[in-house]
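Visitor: Quick one: structure below, then a few questions.
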Amino acid sequence: MEAAAAGCRGPGLALCGALMAASGGSRFLAARYQEPSVDDLFMYDCITAGKKSQEDRGQDGQPAIKASDDILAFAFSSSGGYFALTDDNKRLVLFRTKPCWECLSVRSVVRRCTSLIIAAAEDKILVADKSGDVYSYSITEPQKAGKIELGHLSLLLDVALSPDDQYILTADRDEKIRVSLTRAPYNIISFCLGHREFVSRIFVIPNYPDLMLSASGDCTLRLWEYKSGKEVHCCHLNSLNKTEATKNDKKYAVSRIAYCCQGNYIAILCDCIPTVYIFQFDAAAQLLNYRHQISLKHKGWDIAFEETGGLWILQEDKEASLLLYRPVDGHWQPVADDKGLMKMSKYLHDNWTMFEGSVGTESCYSSLYKASFDNMAIYLQKKEERLQQQQKRKELQHGSNKQTKKIRTRESS
C-alpha cells in the first residue's frame, strides 16, 4: 500500500484504505472508491487557500515572479484520518478526512517543498524542501509554525520514516541517503552510499521495517539494511527493457515506487518510459525478483497499490485516465468492470481540466543529472585551433618577408 505522492511536480495518485485522492495543477479530488454507489466527491483548489506566502523579493526590491498554486506533494496519514499537501506558493494545507473532509489549517513553509510524510503516530508532518532542510509541523496544534529538524547541503528529493517513527530517512541530489534518529536528528546513524546519480525515491518496507528501497537517476533499484548502510541487492533497470532505453538514448529516473504487503509486490514507474515494472521481494533470500511489466499506451503519471493487491495507474489519457490491474496466475491483468474504477474514472473525466497543464510536459528530472565534460576532446580541439593560428602567423610572416625583399631589390637597382 502506498499512501503518498511526492517529489517531482506533476499529477499524483494516493490510496489509503477506502480513500483515493488524485491531484493535478492546483486542484485535487478525493472520494471513497470502495463505495461506488455513494457520490462523495470532495474537491479543493489551492487558489482558494486563505494564507498567501510572503513574496520573494528580487535584487532590486521588486516582487519576484509570482509562483503558481500547483500541488507539489501530498500524503495521507496511515489511518487515512488526515491528509496534507504543499503547493508552489509555499503553503502547507492540512485536512481532516473523517467523518467528512475539513480544512484544519493553511501554514506558510520556508521553501518550496519536494516531499512530505505524516508520522505513524499522526502527531506531525515532516516536509523536505529544495534548500535541503526538513521541517516538522504539528498536527495536534494545526496553527503552530514549523520546526527545523535537519539539513543537507543539497536539494532533498524525498523523505521517509521508519514504521515506528524512530528514524528519518532523507535522499538528496548528491547521491546520498542519510538515516537519522527522529528524537535527535543531528545524530546520524548511517549513510547508504552507492547510487551514482541523484536519489529520486526512498521507501521503507512496512512489513520488513529494517529494509529500505531506493531508486535513482542511475537506472537502479536498490535494497538496503538502512540502519547499517549495507546494500543488500541492486537491480539495473536498463537491462529490463533495452529497446526502450536505446530508443530514448538518454538516462531515465524512477519517478514512483509503490509497495503491496500482500504478496510483497513492488511496482515502479520510470520518468520517460510508458511502462510499469513489477518486482516481488523474496524475504528469505533478500532479493528483488523481476516478474512482469505493464506497457502503457500513454505516459504514466503515478501508481498506487490498494491493500488487497490491486495496482492503480494514473495516466495521460482523458478517456482512460485510470487503469486497474490485478495478478491472475502470476500475470497482471487489466480489470475493466470494477465499479470503483468506473466511479473514480468518471470523476477524473468530468474534471480533466485539472490535468491539462501537465499533458505533454517534459521530464522534470533532466536538470538533476551531473554534467559531464570530455576534457580530452576539448584539449584536442584547442590544440588544433592553436596550430591553425600558428600556421596563419607563419604564412603572414612569410608573405611580409617576400614583400620586404622585393622593395630592397628595387631600391638597390
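The values are calculated or read from the model by the stated rules, or taken from the named source; none is laboratory data. This is a predicted model, so every value here is computed, not measured. Glycine gets a Cβ as well: all are built from the backbone with ideal geometry, and neighbour counts include every protein chain shown. The area values use the complete protein model at the heavy-atom level, side chains included, leaving out ligands, DNA and RNA. Shrake-Rupley method; radii C 1.70, N 1.55, O 1.52, S 1.80 Å.
Visitor: For the range 100-159, rounded, prolate or oblate, judged on the Cα gyration tensor with a ≥ b ≥ c (square roots of eigenvalues), a/c < 1.5 rounded, else prolate if a/b > b/c?
Guide: In terms of gyration-tensor shape, prolate.
Visitor: Enumerate the calculated ³J(HN,Hα) couplings along the range 225-238 in order (Karplus 6.51 cos²θ - 1.76 cosθ + 1.60, θ = phi - 60°), each rounded to whole Hz, writing x wherever the residue is Gly or Pro.
Guide: Result, rounded to whole Hz: 8, 5, 5, 9, x, 8, 7, 9, 8, 9, 10, 8, 6, 5.
Visitor: Turning to a different aspect of this structure: Per residue of the chain, what 222 nm ellipticity follows from adding -39500 (n - 2.57) for every DSSP H run with n ≥ 4, rounded to the nearest 500?
Guide: Computed mean residue ellipticity for the chain: -4500 deg cm²/dmol.
Visitor: Follow-up. With axes computed from alpha carbons, what is the tilt in degrees of helix 375-412 against the longest principal axis of the chain, rounded to the nearest 10 within 0 to 90?
Guide: Its long axis makes an angle of about 20 degrees.
Visitor: Compute from the Cα atoms of the range 278-354 the Rg and the Dmax, the latter being the longest Cα-Cα distance, and quote both in angstrom.
Guide: 14.3, 47
Visitor: On a full-extension model of 0.36 nm per residue, what is the gain between VAL328 and ARG96, subtracting their alpha-carbon distance, rounded to one decimal in nm?
Guide: Working it through step by step, the gained length comes to 79.9 nm.
Visitor: For the chain, just list the percent of Cα-Cα distances falling in each 10 Å bin from zero outward, please.
Guide: 4, 21, 30, 22, 9, 4, 3, 3, 2, 1, 0, 0
Visitor: With respect to the cross-link table entries LYS176/LYS297; LYS370/LYS392; LYS176/LYS343; LYS130/LYS251; LYS299/LYS346; LYS98/LYS144, which display a Cα-Cα separation exceeding 30 Å?
Guide: LYS176/LYS297; LYS370/LYS392; LYS176/LYS343
Visitor: Could you work out what % of the accessible surface of the chain is carbon and sulfur, using a 1.4 angstrom probe and leaving DNA, RNA and ligands out of the count?
Guide: 50
Visitor: If you line up the long axis of helix 339-350 against the longest principal axis of the chain, both from Cα atoms, how many degrees apart are they, to the nearest 10?
Guide: The angle comes out near 50 degrees.
Visitor: On to the next question. Highest mean first, what order results for 229-236, 79-86 on Cβ atoms within 10 Å?
Guide: 79-86, 229-236
Visitor: If you don't mind, there's one more thing I want to ask. Excluding ligands and nucleic acids, what accessible area in Å² is computed for GLU306 using a 1.4 Å probe, to the nearest 10?
Guide: Counting only protein heavy atoms, the figure is 10 Å².
Visitor: Taking the mean number of other Cβ atoms within 10 Å as a proxy for protection, how do you rank 314-325, 168-179 from highest to lowest?
Guide: Most protected by this proxy first, the peptides run 168-179, 314-325.
Visitor: Keeping every protein chain present and rolling a 1.4 Å probe, give me the accessible area per residue for the chain in Å².
Guide: Spelled out: the 1.4 Å probe surface of the chain, per residue, equals 48 Å².
Visitor: Considering Cα pairs under 8 angstrom that are at least six residues apart, work out the relative contact order of the chain and quote it in whole percent.
Guide: Relative contact order for the chain comes out at 11 percent.
Visitor: Using only Cα atoms, locate the centre of the range 186-225 and the centre of the range 267-289, then give the distance between them in Å, rounded to an integer.
Guide: Measuring centre to centre over Cα atoms gives 14 Å.
Visitor: Right, here's the next one. Putting +1 on Lys and Arg Cβ atoms and -1 on Asp and Glu Cβ atoms, find which of GLY309, MET376, THR48 reaches farthest to the positive end of the dipole of the chain.
Guide: The residue sitting farthest along the positive end of the dipole is MET376.
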